[in-house]
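First comes the structure, then the notes that go with it.
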Amino acid sequence: GEAGAILRRAKPDPHNKVQAVISPGGSPEVEPDIAQSSTKYLLASFPSLKQVAYCHLPDNVWRPLVLGEVKAPTAVAVDTQSAKLFVADPPSNVIWWYKLHIREGFLETVGGRHAAVEGVDARALTVNSVGDLYFAGRLAKATSNYSSIYRQDASKLVRGNSLHPTEVYNRSTSGSPNPMVWDPAGLAVDSLFLYWGNQGSGQKHGSVVKGSRMNIGLTSGERKMKKLSASVEEVRGIAVTGTHLFYLSPGGVYGVLTSAASPITDPSIGLVSRGPPIAGPGGKPEAWNPTSIAWDGDNSLYFTDAATQSLYTLPARNVQAHNLTKYADAPGVHGVAVIGFTRSGASSAHAAVRLAAATAAACLALAAASA
């Protein structure tokens with residue numbers, strides 16, 4: 001069946017140092033098993049297949065991770081400090097979390113699933129370096145159809161309290177007359193700021209916006225919110241690398257400095273790639289349909305495209321124009337995340353983000369002290 005064509009459980013022969021893998025083009029080829037030395041795993045959700053699968057980078061062979069426990073998983077995120085996977089399951093109105101573990105090079109969940117937040121319809125997830133979970137969406141029992149941005153503190157996750165998340169930003173608290181939380185979709189976070197994209201009316205309310213985190217001891221006068229870009233109407237997903245923010249839109253993949261002094265308004269500025277060419281009837285190009293993007297903590301970005309049912313990769317070093325590389329066939333793919341491990345256990349695949357944020361915080365402190 002379709003699931004069997006995507007996900008394979010076959011383990012490599014430990015006595016054979018050369019393994020058959022699936023190339024980005026989908027055909028088998030033989031190459032050295034360099035995945036043996038890799039500690040990074042790419043995770044993706046497949047709503048129609050009711051599962052979350054993974055690839056052991058740089059391999060592009062899908063293997064099942066969460067199977068038969070979720071109704072239609074969409075957004076995914078990882079807590080790289082405690083090796084947790086978070087999965088949004090809108091039909092259940094729950095965000096689940098799973099503990100991750102490596103066994104003989106294969107990624108697996110241990111201890112069953114746990115409810116991180118109940119009674120919510122979440123469309124985007126992200127986790128900060130201390131384990132707080134952020135999501136964009138709405139409460140299932142809310143009378144309003146507007147999405148807000150919420151936080152579930154790590155302390156509540158540890159206690160198993162899956163109710164009453166904290167509302168961080170909404171339409172009424174994000175500016176007037178043009179609130180910057182209008183239709184939040186993609187989310188990203190670092191040590192200082194929360195970032196989001198608006199899936200509608202981005203040129204008016206902000207395509208991508210950054211706002212101060214609310215639980216780091218800032219006074220109301222110290223909290224900031226500003227647009228980084230207002231160049232496109234619709235943003236689907238975002239990823240922050242410490243110095244840059246990358247975001248997906250129907251017009252392509254864009255990038256902007258997280259320290260940008262003024263918002264970008266020209267849609268040709270920061271355009272990294274226009275997206276994969278898609279041939280429609282009669283050879284006429286059709287629009288692509290990007291859904292999620294993730295950074296690997298190093299030099300690569302990975303993003304999903306529902307139109308071509310594929311996963312692509314781009315360099316993450318700058319916002320110059322780059323060609324896309326198809327990484328894997330992924331029929332029905334939606335969300336994507338990357339987690340890294342050390343030889344002895346879980347470690348952050350995004351240590352560079354925390355280092356850059358810590359450096360920025362130190363510079364701000366020094367500037368304030370010298371002012």
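The values are calculated or read from the model by the stated rules, or taken from the named source; none is laboratory data. As the structure is a computational prediction, the values presented were derived from the model and not from experiment. Cβ placement follows ideal geometry from the backbone for every residue including glycine, while neighbour counts extend to all protein chains displayed. Accessible surface areas use protein heavy atoms only, side chains included; no ligands, DNA or RNA. Shrake-Rupley method; radii C 1.70, N 1.55, O 1.52, S 1.80 Å.
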- Query: Any idea which residue in the range 142-194 is nearest to ALA294 (Cα to Cα), counting only those that are among the aliphatic types (A, V, I, L, M) and in a loop (DSSP other than H, G, I, E, B)?
  - Reply: LEU192
- Message: Looking only at the range 140-197, how many residues end up being buried (at least 18 other Cβ atoms within 10 Å of the Cβ), among the basic types (Lys, Arg) and in contact (Cβ under 8 Å) with a residue 12 or more places away in the chain?
- Response: 2
- Item | Subset of the range 87-103 that is open to solvent by 10 Å² or more (accessible area, probe 1.4 Å) and among the β-branched types (Val, Ile, Thr) - its residue that is farthest from THR39 (Cα to Cα) | VAL94
- Task: Mind listing whichever residues of the range 76-86 are outside any strand (DSSP E or B) and either open to solvent by 10 Å² or more (accessible area, probe 1.4 Å) or basic (Lys, Arg) (or both)?
- Result: THR80, GLN81, SER82
- Message: Scan the range 124-139 and tell me whether some residue there is closer than 15 Å to ALA77 by Cβ, among the polar types (S, T, N, Q), within 22 Å of the chain's Cα centre (by Cα) and open to solvent by 40 Å² or more (accessible area, probe 1.4 Å).
- Response: yes
- Any hit, the range 244-254, residues being closer than 15 Å to PHE193 by Cβ, among the polar types (S, T, N, Q) and buried (at least 24 other Cβ atoms within 10 Å of the Cβ): no
- Check whether at least one residue in the range 232-242 is under 30 Å from PRO58 (Cα atoms), charged (D, E, K, R) and open to solvent by 60 Å² or more (accessible area, probe 1.4 Å), and report yes or no. no
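Take the range 198-251 and flag every residue that is of a type in the set (Ser, Thr, Tyr) and in a strand (DSSP E or B).
If the condition is that a residue be of a type in the set (Ser, Thr, Tyr) and in a strand (DSSP E or B), then SER212, SER229, TYR247, SER249 are the ones that fit.
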- Message: Filter the range 285-330 down to the residues that are among the charged types (D, E, K, R) and either touching a helix residue (DSSP H, G or I) at 6+ places or on another chain (Cβ under 9 Å) or buried (at least 17 other Cβ atoms within 10 Å of the Cβ) (or both) and list them by number.
- Response: ASP296, ASP298, ASP305, LYS326, ASP329
- Just name the residue that is modelled with the highest pLDDT out of those in the range 199-229 that are among the hydrophobic types (A, V, I, L, M, F, W, C) and open to solvent by 10 Å² or more (accessible area, probe 1.4 Å). MET225
